[in-house]
Structure formats: structure tokens, C-alpha cells
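The values are calculated or read from the model by the stated rules, or taken from the named source; none is laboratory data. What you see is a predicted model, and the numbers here were worked out from it, not measured in a lab. Glycine gets a Cβ as well: all are built from the backbone with ideal geometry, and neighbour counts include every protein chain shown. Each accessible area value is taken on the protein alone, full model and side chains, heavy atoms only, with ligands, DNA and RNA left out. Shrake-Rupley method; radii C 1.70, N 1.55, O 1.52, S 1.80 Å.
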Amino acid sequence: MISKKLNLQSAIIFLVVGWLTLFVMVPNIMIIGTSLLTRDESNLIDLTITFSNYTRLLDPLYAKVIWHSFYMASVATLLCLVIGYPFAYIMASMPVKIRPIMVFLVIVPFWTNSLIRTYGLKIVIGTQGIVNKSLLALDIIDKPLRIMYTEAAVMIGLIYILLPFMILPLYSTIEKLDRTFIEAARDLGANKFHTFTKVILPLTMPGIIGGCLLVLLPALGMFYISDLLGGAKNLLIGNVIKSQVLNARDWPFGAATSISLTLVMAIMLYAYYRAGKLLNKRVELD
């Protein structure tokens, strides 16, 4: 019986390791290798090794796109946090029987492809969309607002798609919050503001950091949102990768951009890991 259990565990571990090796490690190694090669007009890549694909990222043209991408992703993350934190707190404060229903309603949008939802958003914020028609019908505006193909449209799209990724980790952290700390703060004379800033906010920091990473990292690469809602002036890093691989056929530079983005994500995940350890040590000391 024990030997059968060990064989089953070994088989599961082998399948998981094999899956990760075949579909994660090998593709990443191929991308790293491609990023160090040279573009070839006829064969896509030449086996001449070069680091120029990485240095091209310092070109003002691409550096501007990268900076704009981080700016857009950071603002979208901040707005998701501002919207998602009170939403998650209210969810966690609801009766226990209602909480699963609220979580279900937050998860429901994941059942529909994000590309389809982005197309649906165009119907809402377009010049002849629901928002403009409603405002015109209420005589709030005299002519339709130009929302599509602006920075605001991209921001709306990022928030619309990524907000659940902020709410869920925040809800998970707030739900597990020990309410005795809040009661103790109130007994010691702390008002609501000090209770939130000194007790609730530090204790829910792991959920805040986790939610910010879950929003920030995907936001950098969601090229289809920029394509559909933002036009050519509101590019993200994902747009650069897509255009270099599919349009310019410059696979080495596209691979170098992808690897650079992956390294940035790895650094942020490591920062999250370190921040989590420091917060745990602080809680233990307190």
C-alpha cells in the first residue's frame, strides 16, 4: 500500500516537472537564445551572437514606450487599489452567508474572455456608446465625449479587466484580519483614521502588495487593450513585443524585450517575497 502511494506521488511529481520543463523552461531557454542572435531578412534569425538587442531598449524611442507603459500600469494599479480596497473591506464585513455570493460575482467576469469584454467596453465608451447616449439624453453634455483612442480609454480598459485581481487578494487578507486588534485600538482611544492607518493597513499590507503585483505585471503586457482602446499613441510594452515579432519580423529584438519584461517581473516578485518576510518578522516582534 505504501509503495503504491509512493509510486503515485513519484508519477505526479514527474508529470508536473515534465510539464514545467517542456512548456515553461524550454520555451524560455529558446527565447533567451533568440534574444542573443541577429535578425536575418530571409531566415528571420542569424546565428551571430550579439547583445545589441538589449542595448536597443535604451534607444529614446523604445525607452519612451517603456516609461509610458510603466506609468500607465502604475496609475491603473493605484486606481484599482483605491477602488478595490473599500470594496474588499465591505465584502469581508458582510455576513458569512453572503460572502461566497460576492466572491462568485467578482469571479464571474473570468468566465468570459478578456478580449471579448474589451470589445464590449467599446460599445459602452464609444462616441455612439451607452455613456455618451445617456449623458446626451440627460442634457448633461451637448456633444459626445471623445473617450475612445485616448489614454483615459486604455486606463478604463486596464481597470475594468484587472480590478478582480486586486479585490481577491485584498479580500482574502482582510477576511483573515484579527478583529481583536481593531477592538484593542478603539479601547485605547484610537479614532477610525488612526485605527485604519496604524492597525488595519499594516496588517493587510501582504494583500495590498500581492494585489498590486497581480495588476501591475499583466498591465505591462496587455497589448490588445492598447490596440483596441488607445490607438497608436498609447502603447504598452506588450505592443512593442507584438509589433516586433509579428509585423517587423525582428524576433531577436522581440525576444530581448520579452526577457527584459520577465526580469522586471522576477525582481518585483522577489521584492514581494522580501516584503512579506519583513512584515512577518515585524508582526512576530510586535
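Values computed for the structure shown
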item	result
Highest-first arrangement of 75-86, 151-162, where packing means the average Cβ count within 10 Å	151-162, 75-86
Surface share of carbon and sulfur [accessible, 1.4 angstrom probe, percent] for the chain	71
Average Cα contact separation per residue, the stretch 61-284, under 8 Å, 6 or more apart, as relative contact order %	26
Gyration tensor (alpha-carbon) shape descriptor, the stretch 128-281, a/c threshold 1.5	oblate
For a label point 7 Å along the Cα-to-beta-carbon line of residue 243, residues of the stretch 110-150 with backbone N under 19 Å	149-150
Spin-label model distance (nm) - residue 29 vs residue 142, 7 Å beyond Cα toward Cβ	6.7
Cα convex hull volume per residue for the stretch 80-128 (Å³)	99
Neighbour count of at most 16 Cβ within 10 Å plus DSSP loop: longest trypsin sites (Lys or Arg not before Pro)-free window in the chain	1-96
Extended-chain gain in nm, criterion 0.36 nm per residue less alpha-carbon gap, residue 194 and residue 74	40.5 nm
Fraction of alpha-carbon pairs over 30 Å apart in the chain - percent	50
Per residue value of the accessible surface for the chain (all protein chains in place, 1.4 Å probe), Å²	62
Gain on full stretching of the segment that runs from residue 43 to residue 201 - 0.36 nm per residue minus C-alpha separation	51.4 nm
Net charge, residue 40 excluded, C-beta distance under 15 Å - Lys, Arg +1, Asp, Glu -1	-1
Extension gain from residue 273 to residue 10, taking 0.36 nm per residue of separation minus the Cα-Cα distance	91.8 nm
Kyte-Doolittle at least -1.0, axis length at least 18 Å by Cα - qualifying DSSP helices, the chain	2-20, 60-93, 151-175, 205-219, 251-285
Kirkwood Rh in Å, taken over the stretch 1-156 so that all alpha-carbon pairs contribute	22.0
